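Q: First the structure, then my questions, so here it is.
FYI, it's all coordinate maths here, none of it is from the lab. Because the structure is predicted, anything quoted here is derived from the model rather than measured. Cβ atoms come from the backbone with ideal geometry, glycine included; neighbour counts cover every protein chain shown.
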Amino acid sequence: MTSILIVDDDEQIRNLISIYLHNDGYRSLQAGSGFEALAVLEKESVDLIILDIMMPKMDGIQACLKIREEREMPIIMLSAKSEDMDKIQGLAAGADDYLSKPFNPLELMARVKSQLRRYKKYNPSAGEQQAVFEIGALKINAQTRQVWSDGNEVRLTPKEFDILELLAKNRGNVLSIQRIYESIWKERYFQSDNTVMVHITKIREKIEPVPKQPIYIKTIWGAGYKI
């Protein structure tokens, strides 16, 4: 599912945009400041960012410059300012589009879709579904749903494979337990549910040379798991 990060210090605006994103089939993430946005990007895979300029501590221009040091996903700037110089500053910082507040949510959604189409067109790898993942001696074929560890085929249950594939597709990124659960089971996650942990343990028993000392699926304490 395409994930979009909304960065705005106004919670009502974040929630409004989230509603429209969900209605169009997108997954939304929220951050109330530039600092929070950078923290989210360290843990989550994001396809597009909607970024407000006027925020305390770290404004949208500073956040955009910081994001552009490492990431290339589309960024749509939002601002109550409508002067040309503000638009120029936002675009010069690395934004792909600019929308003045107050804005029509339907226009914002149209711009989101346009930026995602353009990004995937000129960055084909961003839109392709990789078929085979090779991580050390671990090989995962997403088309045939087969897994090999050190040359030996491993039999995973459908849910175990789905979790492993999700982690492989987000290689290097930390996925929270909540995100894994809601992506695989398609239902709301509850804090006391240990389903993901149990499945990760079973996957490790099948793919790791030493399950208690995993080299593939790493636990990031307090954050989640990553390959």
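Q: In nm, give the distance between the simple-model label positions of Arg71 and Ser192, each being 7 Å from the Cα along the Cα-to-Cβ direction.
A: 3.4
Q: Follow-up question, since we're still on this one. With an 8 Å Cα cut-off and a minimum separation of 6 or more residues, compute the relative contact order for region 146-197 in percent.
A: Numbers: 26 pairs, mean separation 11.8, N = 52.
Relative contact order comes out at 23 percent.
Q: Would you list, by chain and number, the aspartates and glutamates whose Cα falls below 15 Å from the Cα of Lys120, excluding same-chain residues fewer than 8 positions away?
A: Of all the aspartates and glutamates, those that pass the test against Lys120 - Cα under 15 Å, at least 8 places apart if same chain - are Asp47, Glu72, Asp96, Glu128.
Q: Per q in 0.16, 0.19, 0.20 Å⁻¹, report the Debye log10 I(q)/I(0) for region 132-226, using one uniform scatterer on each alpha carbon and no solvent.
A: With one equal scatterer per Cα and no solvent, log10 I(q)/I(0) is -0.62, -0.88, -0.98.
Q: To the nearest 20 Debye, how big is the dipole of region 132-226 about its Cα centre, given +1 on the beta carbon of each Lys and Arg and -1 on that of each Asp and Glu? Show your work: numbers first, answer last.
A: Details: 15 positive and 11 negative charges, 24 e Å.
About 120 debye.
Q: OK, next. Of Ile217, His199, Ser176, which is farthest along the charge dipole of region 132-226 in the positive direction, counting Lys and Arg as +1 and Asp and Glu as -1 at C-beta?
A: Value: Ser176.
Q: Calculate for the chain the 222 nm mean residue ellipticity that helices alone would give, adding -39,500 (n - 2.57) per DSSP H run of length 4 or more and normalising by residue count, nearest 500 deg cm²/dmol.
A: It lands at -13000 deg cm²/dmol.
Q: If you line up the long axis of helix 34-43 against the longest principal axis of the chain, both from Cα atoms, how many degrees apart are they, to the nearest 10?
A: Rounded to the nearest ten degrees, it is 20.
Q: Would you mind estimating how fast the chain diffuses translationally, via Stokes-Einstein at 25 °C and 0.890 mPa s with the Kirkwood radius over Cα pairs, in µm²/s?
A: Working: Rh = 19.1 Å.
So the translational diffusion coefficient is about 128 µm²/s.
Q: What is the fewest-to-most order of Ser114, Ser192, Ser3 by other Cβ atoms lying within 10 Å of their Cβ? Intermediate values should be presented prior to the final figure.
A: Values: Ser114 14, Ser192 5, Ser3 18.
Ordered from fewest to most neighbouring Cβ atoms within 10 Å, Ser114, Ser192, Ser3 come out as Ser192, Ser114, Ser3.
Q: Working from Cα positions, state the angle (0 to 90°, nearest 10) between the long axis of helix 11-23 and the longest principal axis of the chain.
A: 60
Q: Which shape class, rounded, prolate or oblate, goes with region 3-127 when its Cα gyration tensor gives a ≥ b ≥ c as root eigenvalues, a/c under 1.5 marks rounded, and past that a/b bigger than b/c marks prolate? Walk me through the intermediate numbers first.
A: Values: a/c = 1.20, a/b = 1.12, b/c = 1.07.
Because its axes are fairly even, with a/c under 1.5, region 3-127 counts as rounded.
Q: Let me ask something else about it. Please work out the FRET efficiency for the pair Lys206 and Gln62, using the Cβ-Cβ distance as r and a Förster radius of 41 Å; give the result to the nearest 0.05. Please report the intermediate quantities before stating the final value.
A: On the way: r = 45 Å, r/R0 = 1.11.
For Lys206 and Gln62, the calculated efficiency is 0.35.
Q: Angle check, please: helix 195-207 long axis (alpha carbons) against the longest principal axis of the chain (alpha carbons), in degrees 0 to 90, nearest 10.
A: Taking the Cα atoms of the chain, the angle to 195-207 is about 50 degrees.
Q: Normalising by the residue count of the chain, find the relative contact order in percent from Cα pairs under 8 Å and 6+ residues apart. Could the numbers behind the result be given before it?
A: Details: 334 pairs, mean separation 30.5, N = 227.
Dividing the mean separation by the residue count of the chain yields 13 percent.
Q: Total Lys pairs in region 132-226 closer than 14 Å by alpha-carbon, pairs eight or more apart in sequence or interchain only?
A: The result is 9.
Q: Further question on the same structure: Roughly speaking, what is the centre-to-centre gap between region 42-103 and region 144-188 when only Cα atoms are used, to the nearest Å?
A: The two parts, judged by their Cα centres, are 33 Å apart.
Q: Using the basic label-point model (7 angstrom from Cα toward the beta carbon), what is the Ala92 to Glu153 distance in nanometres?
A: 6.0
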